[in-house]
Structure formats: C-alpha cells, structure tokens
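Down below is the structure, laid out as structure tokens.
Only the coordinates and a few stated rules stand behind these numbers; no lab work does. None of the values given here were measured: they were computed from a predicted structure. Quick reminder, even Gly has a Cβ in these numbers, built from the backbone with ideal geometry, and neighbours come from all protein chains shown.
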Amino acid sequence: MSADVMPITENKNTKKAKAVDTPWKTALRRFTRNKLAVIGFITIVFMFILCFIGPFFSPHNLYDYSLKNKNLAPNVTYWLGTDKLGRDILLRMMLAGRISLLVGFVATFITVVVGATLGALAGFYGKFVDTIIMRVADIFMALPSLPILIILGAVLSDLKVDPDIRIYYLMVIIGILNWTTLARLVRGQILTLREQEFMQATEALGLKDGRKIFKHLLPNTIPVIIVTATLSVAGAILTESALSFLGVGVVPPTPSWGNMISAANNLIDFRKRPWLWIPPGMCILITSVAINLIGDGLRDALDPKTKK
Amino acid sequence: MTKKWNLMLVLLLSLTVVLSACSGGNNKEANAPAATNDTKETVDTTTPETPVAEEQSSGLIKATDVSLNPELAKNRKDTLIVGMVDPKGVFNPLFMETAYDFYVNYAIFDSFLEVKADGSYVNSLAEKIDVSEDGLKYTYHLKPGVTYTDGSPMKASDYLFTMKLLLDKSYDGESDPLSYHIVGAKEYNEGTSNDISGIKVIDDNTVEVSLTEYSALSPVELGGVYIMPESYYGKGYKQGNLESVKALNSKPVGSGQYKITSYKAGQEIVMAANENYFRGAPVVKNVIFKTTTDSTNMAMLQSGETDMDNINVSEDNVEELKALGFLDINILPNNGYGYIQFNHNDKKFQDPKVRQALTYGLNRSEIVEGIYGPYADVINIPQSKVSWSFTDENIEKYDFNIEKAKTLLDEAGWVVGASGIREKDGEKFKINFSATADNPVVESLLPIMTTNYKELGIEIVAEVLDFNAIMDKKTKGDFDMFFAAWGLTPDPDNTVFITKGAQNDAGYSNAKVDELMAKGKKEMDLEKRKEIYKEMYQELNKDVPMILMYQRTNMTSVNARAQGFDLSPYKEFPFSLYQVQLEQ
Amino acid sequence: MKQYIIRRLLQMIPTLIGISIIIFAISAMVPGDYITARANPNMSIEKQEQLRAIYGLDKPDYQRYFIWAGNMIKGNFGDSMQHKQPVTTVINTYVWNSFVIGIFALFFSWFIAMITGIFSAKFQYSFFDKVVTLLVFICMSLPSFFIGLLLIKFLALDLKLFPVGGMSTSGLNATGWTYFTDVLKHSFLPIMVLTMLSTGGLTRYFRTSMLEVIRQDYIRTARAKGLKERTVIFKHAFRNAMIPAITLLGFELPGLFGGAMILEQIFAWPGIGHIYLNSINMRDYPFMLGFTIFLAVLTLLGNLLADVLYGIADPRIRLK
C-alpha cells in the first residue's frame, strides 16, 4: 500500500508541522477524496483479511488430498473446485495469498527503498559517487540471476535453513535483483531536477544535503517510483513461483498464486478446467489493479504541483 | 521490456520446469538410456531377424478414423516429418550426447550389430561374426559392397580407424573405449604406440579384435561402434588431436539409410534417402526432423505439420490424441525410473528394517497415480518390466501398510517419544528430504510423503532443489534422503548397487549383491545370467537399498499414414525408418 | 561529450574485469559440472576423471580463471561442451533469430506504448484510460507462457491464421521473397506476445511521464499562446515526456540479443535464449560464461548509450 512511499514523506515532515495544512495532511485529504484510490485501498485490505483470516473458516485442511475427488468443478463442498490431487482450490488460494502478498509487498518495498535511495544519491552527488553506484548497478544488471539463485538454493539447503524461512531470503533476493532499474530511472530524473530553479533556492537557503534529497528531490520522482512499484508487485508474485523450483521459494504442499497458475500449464487444463487458473489469476490481477489505483491516488495526492 | 532480461531468465526456468514438468521431460532421464546404448544386451548375435513379438505393441492404440487426417499431412506425398526436441548439432556418433543427436546419427551411420525390438541384437553390417571359445577374440566379416553416401566403399580398416578416433587421447565423447579391454588400447591412448595392436585388419572385409578380459557387455560394445569412413574423416587427423574430425560434425558422411541435405540449427534437419543403402533404398524419399517443444508438439500433430512426435504421457494427453483419430499411439515403458535414495552412511538407514518400514509406510501407488494415472507403474526391482532380466518371482510388493511400517520401526528400536516423534538412543527420527525440481512427481510426492511419515511418527523437512545441487549433495554424502529419476541400463550390469561403485556414492554395500554382480558380468550364457540376476534382484528387493518409486511410459504418436515403424523401448524410431511407407 | 564517452569506455574495463571475476566465481560455486549434469549411470570414475582433465576442470579455480580470461582477451571463447563447437559459432548461429523478434517487438512496443501513453495521459481517468490500464494489468498478472498458449489456441489452432510454431515451413526450399513471407508468418505470434508483454510496463511509464509534463507551466503557457492542442501535446509535451524514457531504452540493448527465452520455448523459435538456459542447466561453462560476458558488454554499452542520449536530449544535464 502506501508503505512504498510513506517513509519518504512521513519521516521528514511530521515534526516541523506548524499549521493545520501540512503537506502530509493535504495529501491524506486529497487521497481520501479520490474515490478510486479508496476503493483500491479497501480491496487490498480485503485481500489481506481473506488470505490471513479466511483459512480459519475453511472446513478443509492444507494437507488433505483425495485422488477420488481430483479435478472437480466448483460445487457445494468445494466452492472453487479441486486440483489434480483433489485439494480444495479456495483454501489453497487463500493460503497462497499469504505467501504471494507478502512476497509482492516486501520485495517491492526493498526494491523501492534501495533503488530510490541509491538512484537519488548517484544523481545528486554525481561524479565519484555516481560512478561507483552506477558501475555497481551495471554489474548487478550483467549478472545472470539463475545461477546465483541455484547457488543460493544449494547454500540454504546445506545450511539446513528451514524451508518455511527461505521465503524471506527470497523476498530480499527479488528485491535486490530489481533495484537497478528504478535506481537508473530515479537518477535520470534527479539529474534533470538538480538543475532546476527550486534547487538553486534550496542552495541559497543553505539546506542540508539530506533534506535536499529527501524533501525536495525524491518527492518529485514519486510518479516514476509509484509506477515501478505497482508494476513490480505482480512481477514479484510471478517470479516467486519460478524460484520455488530452485529451493529458494515455497515447498509443496504450501501453495502460492504463481505456483497455482503454473500448475495449470497446458492447453487442456486451460480449456477444460478454468477453475485451476482463474482464481489465482484473478487474485493477482485484483491485487495489482488495486495497488495501481492506490498508486495513482497517491501520485495525485502527493503531487506538489497541483493545488487543491 | 521493462522487466530485465535476467529476471526473464528466472521466469523462464519456471516455464521449462513447468512445461517440461509433465513430460517427465527430464533431460537426465531422456539422455541416459540413449547414452548407454552401447551397453545394450546381446542375446544372440547370429540368428536372423525375427518378426517383432506381439507384446511389444501391447501399448499400441490404433488410429480409429484415418479420414480425419489434415490436408497438410495428406498432401505431403514423399516426405515424413518427425517432430522432436532440437539436437545440439553433433552429427557424429563419436561425440553425440543427447538422445536427439543420437536419432540423427542412427539414420546416418551403421554398425556391425543392430538392436532388435526386444533389446537383443542381430547382425547389421556384419555378414558373420566369429567369437572364440573364451570370448576374447572377435572376427567381423563385413558385408560386401557396402558404400558410404559419398560413393567410397566401406572397408574393414575403417573399423580400426574409428576405434583409433575413440581411443585418441583428446577424445571427450561419452563412450568409454578403454573399458572395452582391447589389447593395445592403452598404448594408443597414451601415444606410446601409433597402432592398436589388438585390432588386426585381415583383408578389406575382415577385421579381428582381441581382448584382454571378457565381460558380458563385450560383444555389444565392440559390435555397436558406428563405422566412419577413413577417407573422409581421416584427412586431417593426427594422433592426439581430434579437432579436424570435430570440424566435420555438421557434415557427416556415413553408410546409413539417409544423408543430410540441409541443417538449420534449432529448426530442422532435412534428409534424403540413400539410394544405395545396403539393405535396399528407403521407401520414403525425404525425412525431416523438425524442432518442436512441449507446448507445440501436440498442436503440430493436430494441424498436420508433423507426422510423428513424442508427447508427455498423461490421461489428458492420451484422451486428446485418441480423439484426433488419425494417430497410432505407441505407449512404451521408459528406460528409467524414479527413486528415493537413502544415505547409507547415516546410521539410522543402515538398518534394513528402517528402510523397509519407510517403504511400507509410503503410499507409492497414490503418488504415482496422482501424476501419471495408469501410465506409470510402481516398481519393486530396478529393472524395466520388458527387459530379459526382469523378474517378479518372490518379489515383495511393499504395498502401502502403515501398521506394518510402525511394527518394523518399533522392532528396529525407534519408539514413539513424548513429542509424538520416534526416538532411539535419544536421537529423534528426523529426515531432511530433497526432491529434484524438474520432476512432476514432486507435486504429489511431497504432500503425500509428509502426511504418511507424520503418521509414522517421523519428522520430515522437505525441500525442492536443482538436480545438480542434489547430485552434489550426494557426492559429498551430505543428505538424508532425496528423490530423483534416472536412466536404466538395459543390461542389468551397472555400478549403482555394488560396493564403492562409480554411481554408488550413497554408500550402499551388500556382499551378496557384489558377488552376484561380478558373477553376472563374467557369465556368457544368457540363461545362467538370468538366474544370477534374478537372485540379485530378490536380494535387492529384500534389502531395499532405495525406495523404488515408478517406471513411467513414453508415448510416440505416429500419423497413421506412415506405417512400418518397429518401435520398442530399446529400438527407437530411426532404426526402422527405411521400412516406413507413406500410405496415400 | 567526447571526453565523457572516452572516460566511460575506459571505466568499462575495470567493470568488465569485476564482472568476469564475479561470473566466474559464480560458475565455480554452482553445484555440479558438465559431467555430473550428464548423469550417465554407466560412466566409470576413470572416465569422469579423464573428461575433467580434457576440459581442464581438474585444475584449481583461480588457475582456470586465468586460463579462461587469458583466452577471452585473445578472442577465444572456447568450445561449447554441449555443441562441440566454438562458442562464438554457436552464438552466431542462434542470436540473429532472437534479434529478429527482439527488434520488431521493440519497435512495436515502443510505438504502441507511446500512443497509448499519450492518450491515457491526455484523457486521464477516461474510459479509454481505464481499459488500457486493465489490459496492462491482465498482461502482467498472467505468466507469459500462459498468454503464449492462449494465442496459439485461438489464432493458430482455432482460426488457423498462423502456424503453431517454428521459424519456417518444414522442407520449404524457398529463397528470397517466399522465404521472407514464410518467416514473417511464423514470427507473427512470437512478436505479438513479446510486444504485448513489453508494452504494458512502458505504457505506464510513458503515461506518468506525460502526466507530469502536461501539468508543467510551459505547457500552460503554450496553450495560453493559443497553440493547437495537437501541437501542444505532440510537439511540446511529448518531446519532454520522452526524456526519462531514454533510460529505459538503454535497457533494451541486451534484451535484443539475449533472446526471449520463454517465448522461444513456447513457439519453438530457434533463438539463443533456450540455448543459454540449457547451458546453465547442463553446466556448459564455456558457453555460459562466454554468452554472459557478451550480454554484460551489451548492458554496459546500453547504459552508456542511455547516459549519452540523456545528455543530448536535455542540455541542462551536466555529464561529468
């Protein structure tokens, strides 16, 4: 949700607030006035409730399987049907959401924090700092992720790290592999912004670097940060399923949305058993659209140029 | 393209795993049987070819309505298009490694012997093979008048030449000719001699090979060498450097049924019939091996773009292909099996009762059925049911029996502790379990195994890992149990179960098995070998060195307009290409 | 500017050395090697040792690095273990097939993304904007193999508009125009899917960028001057909105040659992507390392190109 952007604005402008109309309050007011954004926010809250509380009300169990009931279409006992081992899709979808939502949000959060900070530093300081950060980014971009993940899987296995905990390593890895794109985008924008009049004003005011970067430069790059963040949530959710195969992601029978879609991997399932892939597909879609609505709302709310 | 390519790579992995998942399209499994082709069993190398036994085609589902054939296929009068995974372009029998390169080479080259549908061998290029009493001297009489596709005649000296290439110091192919025990092989390999003293060319059509040691595999190892023309491949060859031979990998010249007319890497290999083929010119004038993938192969058969392909076996796919009506569907046992390995260096697995209990306590039939339906069998000995050495006499089936498993564990001293987990001498029964990522069975194995073993009072921590990472753990001995699948050597001789065997790094050791294996390898009489291996399989079955899981099947679907293929798990489609006819 | 480019090119040398060391270390750390990956149940220990000696895998890692790096400097990438051919030959055989799809998809996706981005921004929150947004997220919520299968089903199997897969009709001995149209027909679906996948994200970036620019004072000024709306949008707003996109353009360079791996697999397209994947799975080090370095160079060049273009497009930026 707003977690992606909050730290940037929140940290820096709470204390100095004197008047009623702090930028943060304005933003909040603008955001709540945006109907679509509020709908998006409610949807996300709903998804979290569904996935984290829903399973407690299910009559089924994660470990239940029954080959007799395999590939059943939605019915009274199994509201969303069963998969090829006869497991309840609804329960699996809700449990999968716990993993996928977590992966999507945490990985995105890491991407944004690392990417935006490094990008801003590179763009603001330029010269040596820029060279170092951007060369590191180059190296990161050039590294093939698959072998790295294979190694990581093997190392985690050798260290006998509990498979349930590996998912956290996974979030960090996805986050770290993705920061470079955002860093380059933010840096590019800051290169331009740095030269604009308002920055000369901050110079004249003798503001500290930290304040210049976090209060004046980064807020102006929020649109691009938000786009990257909204796009990367769905990306991270799908990437997770790929990583499960390397011993880094979740281990069956624990489901994730990506895994559930990938399990329906042929034209026959596609045609005959839409209940296998539509539920998890819809979940990812709803989540990413909702995040996007929030993102749009946030962008409008935080835009320093609009006055309302 | 905002997603970076390197993330695409990861996503791709999911695809290969996912798409190839159902294929059991596990490279390892697919490669291995073909790769070990040269160790296939010999039964009788001199009997004339007999018609294929009925049972070989028991898995054949005939086409129901040929008139449904798509126009595209019907209009292709003189060309057969075979769909398959793309080969690596190594069209040289010395260096081929993948099953698909094998297919191409089978159509281009010949050897003294040829495999039959039941896995035994008959003479091919050889008119007659004389074997000495002690099995140490083989005299091959080459059929007269055989020519290569470049017009030059085949000579017995080409056999010596091919052997020289195989024994060259720089040879990095899959064959292991030093293990054939040919006299003088080592000297040639090391470069101390420029001739192989054990191979004598008597005249243009006769060559004699002497061995230092006999093994049951010798006849096939020696007779299965694909003969290459010295006049073509020998031009730039100097002992110790095979570069000039490798350079010809994409332009092969052999004596086989077909010759390559064009090769587009990753797309197709176009081949034309060899009109002078020594068994008579092939009926179909053009054969094309076309690249297909798991996602396209069925669609291409359906549209008529291909005439034949190997499609993953599953209930869905069989049903779908049957419904098309114009395909002959061959469902044949795969030369490979899935297994769960115990680490025999771990004390708890050294007790056979524990191993038996873990087998009884695992519902293998449900695991296998969940993925393959009826198209895979739970197995109890590590041998294909179509092999001559297969036996089910006195073989315990280890049907799922949780009570029996509990009793066995109690007997072994593992009793349920306060926490509900079994304990012995203060040690909890905990298993760290790894399963290979690229195997579809994992999907049903992990949930069912977790449930089953929990009920037994065993704590199981499961993970999914890259195949090579598991093999690495195996080599280091750093594992409890893992699941994988691999190829099955048609001959029961292998090093998987013998003490300190090359493939036995799980530390299994059983004196009786070692003894029987050694005996079987030295025995020349097939009936006696059968008895020896029967006893060995019974011992393995009792001792449970690993939990044997399943043998799955392969499905080759052929457009009914192409008739005459002679297919079996041992005899792959290229061997009978020259007999195939296209019905109009 | 010239100085800047030279300096950046010089900086590439240490970066590349760093990359080569890291990549080599990764390859050395990855469990297994070509011989274990082959998993031949019949291979004897002696044979395994022989092969490792021939491939030089028996030497210590640091020695192997210097041998490999030394050969790379001389332009010798070594032989692919799987293909038994020089790595450069293998790359050259497959990379152009990937390039064909890549370049078309690049062109179409940028074109479409620009148009939709502009209109989505111009008519923010309109029906059009909402539909585009939804489509973008549908594309992003399904794995790409799924979209590929979907199109094969509808366009190739049901409507029979395009061939199912492959790059040309089997046994077609055509040259010139016939061959060209044949390949064109075969490449339609893969290009379409690749375009769909890449357009989504780009559209979002362009839309945002456009939204930013439209609100700027100089656009208001332009409108106030009485310029036609079309001129304002396409000439004034668009040009400025495209500046941030230059960074994205830099990322495309390695993508062009890297191959669209998932799609190659789905459409049986003979590209370099699945060859690369295979080389990783089979631990075919010479190819894996060689191709990774090749892509690394392209990545560095792409980023350099982006920075240079950025400086040209926006003179306010001081590149130093």
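Here is the link list: B:Lys571/C:Lys160; B:Lys116/B:Lys528; B:Lys430/B:Lys474; B:Lys385/B:Lys528. Which ones come out longer than 24 Å on Cα distance?
From the list (B:Lys571/C:Lys160; B:Lys116/B:Lys528; B:Lys430/B:Lys474; B:Lys385/B:Lys528), the Cα-Cα distance tops 24 Å for B:Lys571/C:Lys160.
Hey, with R₀ at 45 Å, roughly what FRET efficiency would A:His60 and A:Val136 work out to, going by the Cβ-Cβ distance, to 0.05?
Once rounded, the FRET efficiency stands at 0.40.
Build a GNM of chain C with springs between Cα atoms under 10 Å: which of C:Tyr310, C:Tyr55, C:Tyr94 gets the top mean-square fluctuation?
C:Tyr55
Provide the convex hull volume over Cα atoms per residue for segment B:454-584, in Å³.
Each residue corresponds to 193 Å³ of Cα convex hull volume.
If I take every Cα pair under 8 Å that is 6 or more residues apart in chain B, average their sequence separation and divide by the length, what percent do I get for the relative contact order?
In percent, rounded to a whole number, it is 21.
Hull surface divided by four, with the convex hull built on the Cα atoms of chain B: how many nm²?
The number I arrive at for chain B is 28.9 nm².
Over the whole of B:453-463, what's the average partner chain Cβ count within 10 Å per residue? Rounded to a whole number, please. Don't jump to the answer; show the numbers that get you there.
On the way: counts 0, 1, 0, 0, 0, 0, 0, 0, 5, 5, 11.
That works out to 2 on average.
Give me the net charge of B:His344's neighbourhood, meaning all other residues with Cβ under 12 Å from the Cβ of B:His344; Lys, Arg count +1, Asp, Glu -1. Provide the component values of the computation, followed by the final result.
Numbers: positive: B:Lys347, B:Lys348, B:Arg355, B:Lys474, B:Lys500; negative: B:Asp346, B:Asp351, B:Asp480, B:Asp505, B:Asp543.
Net local charge, B:His344 excluded: 0.
Output ³J(HN,Hα) for segment B:68-80: one whole-Hz value per residue in order, computed from phi by the Karplus curve 6.51 cos²θ - 1.76 cosθ + 1.60 with θ = phi - 60°, and x for Gly and Pro.
The phi angles translate into 6, 3, x, 3, 3, 6, 4, 6, 8, 6, 10, 10, 10 Hz.
Just tell me which aspartates and glutamates come within less than 16 Å, Cα to Cα, of B:Lys128; anything on the same chain fewer than 8 places away is out.
The reachable aspartates and glutamates, counting only those whose Cα sits under 16 Å from B:Lys128, are B:Asp44, B:Glu49, B:Asp110, B:Glu114, B:Asp203, B:Asp204, B:Glu208.
Equivalent ellipsoid semi-axes for segment A:42-302, as square roots of 5 times the alpha carbon gyration tensor eigenvalues: give them largest first, rounded to whole Å.
Over the Cα atoms of segment A:42-302, the semi-axes work out to 42, 21, 14 Å.
Which of the residue pairs B:Lys512/B:Lys542; B:Lys397/B:Lys473; B:Lys290/C:Lys153; B:Lys348/B:Lys519 have a Cα-Cα distance greater than 23 Å in the structure shown?
Those over the limit are B:Lys397/B:Lys473; B:Lys348/B:Lys519.
Summarise the partner chain shielding of C:264-271 as one whole number: the mean count of Cβ atoms from other chains within 10 Å of each residue's Cβ.
Per residue, the average neighbour count from other chains is 6.
Inside 10 Å of the C-beta atoms of B:175-181, what's the mean count of C-beta atoms belonging to other chains? Don't skip to the answer; put the middle values down first.
Details: counts 1, 9, 1, 4, 5, 0, 0.
Mean number of neighbouring Cβ atoms from other chains: 3.
Could you tell me how many degrees, from 0 to 90 and to the nearest 10, lie between the Cα long axis of helix A:89-125 and the main elongation axis, the longest principal axis, of the Cα atoms of chain A?
20 degrees
For a quick check: with amide H placed at 1.01 Å from N, whose amide H comes under 5 Å from B:Val283's, ignoring anything fewer than 5 positions away on the same chain?
The list, which skips near neighbours in sequence, is B:Val580.
What shape does the protein assembly as shown have by the C-alpha gyration tensor, where a ≥ b ≥ c are the square roots of the eigenvalues, rounded means a/c under 1.5, and otherwise prolate means a/b greater than b/c and oblate the rest?
Because a/c hits 1.5 or more and a/b exceeds b/c, the protein assembly as shown counts as prolate.
Under 5 Å between amide hydrogens, which residues at least 5 positions from B:Val416 or on another chain qualify, with H placed 1.01 Å from N in the peptide plane?
B:Glu423
Can you list the lysines whose alpha carbon sits under 17 Å from that of C:Lys235, skipping same-chain ones fewer than 8 residues off?
C:Lys122, C:Lys225
Quote the FRET efficiency, to the nearest 0.05, computed for A:Asn75 versus C:Phe99 with a Förster distance R0 of 56 Å and r equal to the Cβ-Cβ distance.
0.65
Work out from phi, with θ = phi - 60° and the Karplus expression 6.51 cos²θ - 1.76 cosθ + 1.60, the ³J(HN,Hα) of each residue of segment C:114-120, listed in order in whole Hz, and give x for Gly and Pro.
Computed from phi, the couplings for segment C:114-120 are 4, 4, 5, x, 4, 5, 4 Hz.
From the phi of every residue in segment B:258-268, what ³J(HN,Hα) in whole Hz does the Karplus formula 6.51 cos²θ - 1.76 cosθ + 1.60 yield, where θ is phi - 60° and glycine or proline is x?
Calculated HN-Hα couplings, in order: 10, 10, 6, 9, 7, 9, 10, 3, x, 10, 7 Hz.
Share of antiparallel DSSP beta bridges in segment B:336-551, in percent to the nearest 5?
65 percent
Give me the aspartates and glutamates in straight-line cross-link reach of A:Lys160: C-alpha distance below 18 Å, same-chain residues under 8 apart excluded.
B:Asp346, B:Glu427, B:Glu459, B:Glu463, B:Asp466, B:Asp472, B:Asp478, B:Asp480
Quick one: plug the Kirkwood hydrodynamic radius of segment C:1-104 (C-alpha pairs) into Stokes-Einstein at 4 °C, 1.567 mPa s, and report D in µm²/s. Mind showing how you got there, number by number?
Details: Rh = 16.7 Å.
Approximately 77 µm²/s, per Stokes-Einstein.
Where the centre of each part is set by its Cα atoms, how far does segment C:1-53 sit from segment B:241-304, in angstrom?
Centre-to-centre distance over Cα atoms comes out at 33 Å.
Between B:Gln579 and B:Ser419, what is the spin-label point distance in nm, taking each point 7 Å from the Cα along the Cα→C-beta axis?
In this crude label model, B:Gln579 to B:Ser419 measures out at 6.2 nm.
Residues with amide H under 5 Å of B:Asn205's amide H, sequence separation 5 or more or different chain, H placed in the peptide plane at 1.01 Å from N; which?
The answer is B:Ala156.
Output the peptides B:553-560, B:197-204 sorted from most to least packed, where packing is the average of other Cβ atoms within 10 Å over each peptide's residues. If you can, show how the numbers build up before the last one.
Working: B:553-560: 23.5, B:197-204: 16.1.
Ranking, from highest mean packing down: B:553-560, B:197-204.
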